[in-house]
1. How do the pairs read when you match residues in segment 158-175 that are within 13 Å of Y19 (Cβ to Cβ) with residues anywhere that are open to solvent by less than 20 Å² (accessible area, probe 1.4 Å) and of a type in the set (F, W, Y), using Cβ under 8 Å and keeping only pairs 6 or more apart or on different chains?
2. Counting only residues that are within 15 Å of S90 (Cα to Cα) and not hydrophobic (A, V, I, L, M, F, W, C), how many does segment 5-36 have?
3. Could you list, in sequence order, all residues of segment 71-107 that are among the small types (G, A, S) and farther than 21 Å from K2 by Cα?
4. Which count do you get for residues in segment 1-16 that are within 16 Å of the chain's Cα centre (by Cα), surrounded by fewer than 21 Cβ atoms within 10 Å (Cβ to Cβ), of a type outside the set (A, V, I, L, M) and on the phi < 0 side of the Ramachandran plot?
5. Check every one of the helices (runs of 4 or more DSSP H) wholly within segment 87-164 and list those with 3 or more residues that are open to solvent by less than 20 Å² (accessible area, probe 1.4 Å) and more than 22 Å from L181 (Cα to Cα).
6. Any residue at all in segment 84-100 that is without any contact (Cβ under 8 Å) to a residue 60 or more places away in the chain and closer than 19 Å to E35 by Cβ?
7. State whether the residues of segment 124-137 include one that is closer than 29 Å to M1 by Cβ and without any contact (Cβ under 8 Å) to a residue 24 or more places away in the chain.
8. What number of residues within segment 34-66 are touching a His at 6+ places or on another chain (Cβ under 9 Å), free of Cβ contacts under 8 Å to residues at least 40 places away in the same chain and surrounded by 12 or more Cβ atoms within 10 Å (Cβ to Cβ)?
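The values are calculated or read from the model by the stated rules, or taken from the named source; none is laboratory data. The structure displayed is predicted, hence computed values, not measured ones. When we count neighbours, we look across all protein chains shown, and the Cβ atoms used for this are built from the backbone with ideal geometry, even at glycine. Ligands, DNA and RNA are excluded from the accessible area calculation, which covers all protein heavy atoms including side chains. Shrake-Rupley method; radii C 1.70, N 1.55, O 1.52, S 1.80 Å.
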Amino acid sequence: MKNVLLVHGFNCIPKIFEYFKEELEKNDYNVIMPEFPVREEITVEGYFDVFDKFRNYFNEELIVVAHSIGNPMFIKYISKNDLKIEKYISLAGFSKDFFNEGKEVLNEKVKLTVLTDKELNDVRTLVKEKYSIYSDSDHLVPIDLLEQFCKEINSVAVPMKDIGHMGKKSGLEKLPKVIELIEK
């Protein structure tokens, strides 16, 4: 049985994660969907504490799907622990700092997630297959940072139209492309 780890971002588990879980379990995948710290509670150590609870799943057969802030947190974790992964699918992934007017808590937490050159280099070598899904209508992460992230981690870019940031505000409930990439 293949393991799929879903790593959420700032606001908790997005609706599409429930869809991924339902679809993947139909095909005998073991879906791991932990709850990470959210909003004001987010710290790198807090994410690492949750990852540590699932450490025994981190191996060369693990598939990881991460959303937003979950992306740099996942990369920091595998870099720090030198963990090899089979496949990684980034949803609205980024590596640099950005600013959103009126979103002070988010802006503060994004600063914690800036990736170092070592971490970027490590994800390129530790993960066998990488895909980055992002949208031309993301209301939080600037498009240039989404595109740059693909290049920095050497992933296959999967740009999509009008799916926003893929969280609550976007209203996205299904994303079959992710299932397709997992089962590929």
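1. Close Cβ pairs satisfying both conditions: L175/F20.
2. Selection size over segment 5-36: 3.
3. Those that are among the small types (G, A, S) and farther than 21 Å from K2 by Cα: S79, A92, G93, S95, G102.
4. Total meeting the criteria: 3.
5. Details: elements: 104-111, 117-126, 143-153.
The qualifying helices (runs of 4 or more DSSP H) are 104-111.
6. At the first step, the residues of segment 84-100 found to be without any contact (Cβ under 8 Å) to a residue 60 or more places away in the chain are 84-86, 94-100.
Then drop every residue that is not closer than 19 Å to E35 by Cβ, which leaves none.
No: zero hits.
7. Within segment 124-137 (the criterion being closer than 29 Å to M1 by Cβ and without any contact (Cβ under 8 Å) to a residue 24 or more places away in the chain), the answer is yes, since at least one residue qualifies.
8. Start the filter on segment 34-66 by keeping residues that are touching a His at 6+ places or on another chain (Cβ under 9 Å), which leaves 34-36, 38, 66.
Applying the additional criterion that residues be free of Cβ contacts under 8 Å to residues at least 40 places away in the same chain yields 34-36, 38.
Filter once more, so that each one left must be surrounded by 12 or more Cβ atoms within 10 Å (Cβ to Cβ): 34, 36, 38.
Looking only at that region, the number is 3.
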